[in-house]
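Values quoted throughout were computed directly from the atomic coordinates according to the rules given, and no laboratory measurement underlies them. Remember, it's a predicted structure, so these values are computed and weren't measured experimentally. Here Cβ is always computed from backbone atoms with ideal geometry, including for glycine, and neighbour counts include all displayed protein chains.
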Amino acid sequence: MELAVIGCGYVGLVSGACLASLGHRVIGVDTDAERIAQLQAGRVPIYEPGLAELIAAQTRQKRLRFTTDTTSAVHAAGVIFIAVGTPPFDHGGADLTMLFAVVDQVIQAANGPKTLVIKSTVPPGTGEQIAARVASCRHPLEVVSNPEFLREGAAVQDFLQPDRIVFGANSQAGLEILRELYQPLIDHGYAIFSMSRQSAELTKFAANAMLAMRVSFINEISLLAFAVGADIESVRVGIGADHRIGPAFLKAGVGYGGSCFPKDVAALAYRMRQANLEPHLLDSIAKVNARQKALFAQRIIETLRGLDHPRVAVWGLAFKPDTDDMREAPSLDVLRHLLTAGLTISAYDPQAMDNARRILGERVQWQRDICACTRGADAIALLTDWPVFITQNWEHIATLMRGRHVFDGRNCLASGKVAAAGLHYHAVGRPPVAPGAGRQGAMGVIPAG
Ligand SMILES: NC(=O)c1ccc[n+]([C@@H]2O[C@H](COP(=O)([O-])OP(=O)(O)OC[C@H]3O[C@@H](n4cnc5c(N)ncnc54)[C@H](O)[C@@H]3O)[C@@H](O)[C@H]2O)c1
């Protein structure tokens, strides 16, 4: 099929390249001329494992091309994916300005019947609004919902090997188009769930809110674990083994972030208020997350209080590993707290340095590698669990530092190795480990009998 994907960000680029790899002919459209020029020159403007290779292969096969010209793309395509951003307003509701601007462009440019596939995450009921709007078009425009569940860092794999694909259509014709688009994945046996547009829209929001809720839940429990001397890692394993609970998204840490969870939780709460329903639980998810970041920063500030010009080496800035995405990264709030307290910050991230620098400016000393970042630091604060941080030689790291404290905001370091190197290990919801000490009550499964 001939497709246009409007919006070449994380979702649009991955969707476009993957749909091309399923055999469709895809035109990626973006208003950002620099982004399109880069893509046309074979450079991929975001970091996402496997994406550059996929785009290169599909471009070579002539199944994928890029343009800034929406009209020509709409003319050429029978199916138009909309994958533009839906950022939050200050009140938490989703700003759909960009989405409706694209809808209007499609209405203007349509030269025949088309299908509009809404990939952007939108509040339940948005499909109805779009359907009402496109009724003014002189050509029939079918509106369907196909929310995207990919995770940055594993986006290509998530698109091509999904847990499920959700089709939201209020007509048989819309459903048929969606089936045709995804036929190769259907043939491979991936699960398809067909439902109404409103249900599909709500499924996406509810999935993100549920995941954010699990993170906030374990983070709240981690505070009590710390207060009573329990180890949240043992508790996590203990509850995650219950098949009704499961182990995923139960890792205590410095809070969730990214372009989706914070904004989707807020937008869902706002949508509930619009329906005159009080979102008690949704409001608490965000509050717990904000407190988690503040408390982590507070522990660092308290520990270093009284030192002359305390210096913190921040390891990791991206909201999670394998991405350069800094949107709503927990590191931003933690760094702001540390900077406000007058601490000197030296920071390093394998991929997100440029994006972080654009947001935080020159108040932070940006470093090119882990060693430069750590040299002379009183404390390390690990904020993103990139594998390269986990595999460090702690004997060597200790020689670079002025102080002796390691704050593990992702509970990912081997506490025994850190302590054996003469460092104090501080994690989230776990008892601190003093230099030279091994961890007490290590986790493990006791064999039966
Ligand atoms: N990033 C994720 O992990 C993820 C996952 C699932 C769903 N989503 C949802 O997908 C949507 C897109 O997210 P994203 O992270 O890809 O956003 P993004 O900001 O990375 O990309 C959006 C792109 O749309 C372009 N754009 C804006 N207006 C345009 C227009 N009129 N014509 C053409 N291009 C235009 C922008 O220039 C930008 O490149 C959002 O609704 C988001 O909530 C994101």
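Quick notes
- When you filter the trypsin sites (Lys or Arg not before Pro) in the stretch 41-93 for DSSP loop state and at most 13 other Cβ atoms inside 10 Å of their Cβ, you are left with Arg43, Lys62.
- Selection from Val418, Leu185, Asn355, by position along the positive dipole direction of the chain (Cβ): Val418
- Taking every alpha-carbon pair under 8 Å whose residues sit at least 6 apart, the chain reaches a relative contact order of 11 percent.
- Cα-based shape type of the stretch 164-262, given that a ≥ b ≥ c are square roots of the gyration tensor eigenvalues and the cut on a/c is 1.5: prolate
- Å³ per residue enclosed by the Cα convex hull of the stretch 77-124: 70
- Against the empirical curve 2.2 N^0.38 Å, the C-alpha radius of gyration of the stretch 35-133 lands at a ratio of 1.23.
- In nm, spacing of pseudo-spin labels at Asp69 and Ala41 (7 Å Cα→C-beta vector): 2.1
- The share of alpha-carbon pairs in the stretch 1-69 lying farther apart than 21 Å comes to 9%.
- Amide H contacts of Ala381 (H built 1.01 Å from N, under 5 Å, at least 5 apart or other chain): Ala313, Val314, Trp315, Phe407
- Just so you know, the Cα atoms of the stretch 196-449 work out to an Rg and Dmax of 18.9, 61 Å.
- Fluctuation leader among Val144, Val388, Val265 - the chain, Gaussian network, Cα springs under 10 angstrom: Val388
- Mean Kyte hydropathy of -1.0 or more with a Cα span along the axis of at least 20 Å, helices from DSSP in the chain: 197-228, 280-304
- Full extension of the chain segment joining His243 with Ser194 gains 15.0 nm, where the gain is 0.36 nm per residue of separation less the Cα-Cα distance.
- Using a cut-off of 32 Å between Cα atoms, the listed pairs Lys114/Lys320; Lys114/Lys263; Lys114/Lys287; Lys320/Lys417 include Lys114/Lys320; Lys114/Lys287 as exceeding that distance.
- Cα gyration tensor category, rounded, prolate or oblate, for the stretch 2-194 with a/c compared to 1.5: rounded
- Overall Cα dimensions of the chain, principal axis frame, Å, largest first: 73, 49, 47
- Considering helices alone, the calculated mean residue ellipticity of the chain at 222 nm is -13500 deg cm²/dmol, with DSSP H runs of length four and up weighted by -39500 (n - 2.57) and normalised per residue.
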